[in-house]
Amino acid sequence: MANLYLQNRTGAARQLRWLIPAALLFVLTLMSCSGSDNTADKNVSETDSTEITVTQLKAAADSSKDFFLVDVRTEPEYVAGHVPFTDALIDYRELPSMMEYLPKDTTATIYCFCRSGRRSGIATDYLRKQGYVNAYNVKGGIIAWTEAGLPIDSGSTK
């Protein structure tokens, strides 16, 4: 009886020997397909369609100023130097509780600005999730702005 059990167990193991690698390959294939879709979504959100350059921002300000510029840095950073035509200073971490200070129209153009573009990218993603279809990150932030030789103001927020 023990010999029959061992023979059946060995036979079953031989039959299942191909199933484990096949199942693993199947799972890895699904994960890679899923990962590539997520990567594609990330690449779409990180493309120029949601970002503008500092020179594009300056050109927009010179031509019409038909947008809302929100600086998402801290107050000390803003006081040290900011874009002259900034409409609001809202720390990106406080954005959810400060939405009342943004345009009510979710089709309004909103540019988010910070030191380097990282925090404003987070703010832009948040605003888009809230329905603001024309929210854009200003690439490079105040660093790119000053490197481009564009004017800055400094001083109090009041």
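The values are calculated or read from the model by the stated rules, or taken from the named source; none is laboratory data. Keep in mind the model is a prediction, meaning the values are calculated, not measured. No Cβ is skipped: glycine too gets one built from the backbone with ideal geometry, and neighbour counts run over all protein chains shown.
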Item to check | Members of segment 74-116 that are among the basic types (Lys, Arg), within 16 Å of the chain's Cα centre (by Cα) and under 26 Å from residue 131 (Cβ atoms) | outcome: 93
Checklist entry - Among the candidates 139, 104, which residue alone is within 24 Å of residue 81 (Cα to Cα) and modelled with pLDDT of 95 or more? => result 139
Checklist entry - Applying the selection to segment 45-57, what residues are more than 21 Å from residue 129 (Cβ to Cβ) and surrounded by fewer than 18 Cβ atoms within 10 Å (Cβ to Cβ)? => result 53, 55, 56
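Of the residues 110, 143, 90, 152, only one is out of contact with any Pro (no Cβ under 8 Å at 6 or more places or on another chain) and under 20 Å from residue 56 (Cα atoms); which?
Numbers: 110 fails: out of contact with any Pro (no Cβ under 8 Å at 6 or more places or on another chain); 90 fails: under 20 Å from residue 56 (Cα atoms); 152 fails: out of contact with any Pro (no Cβ under 8 Å at 6 or more places or on another chain).
It is 143.
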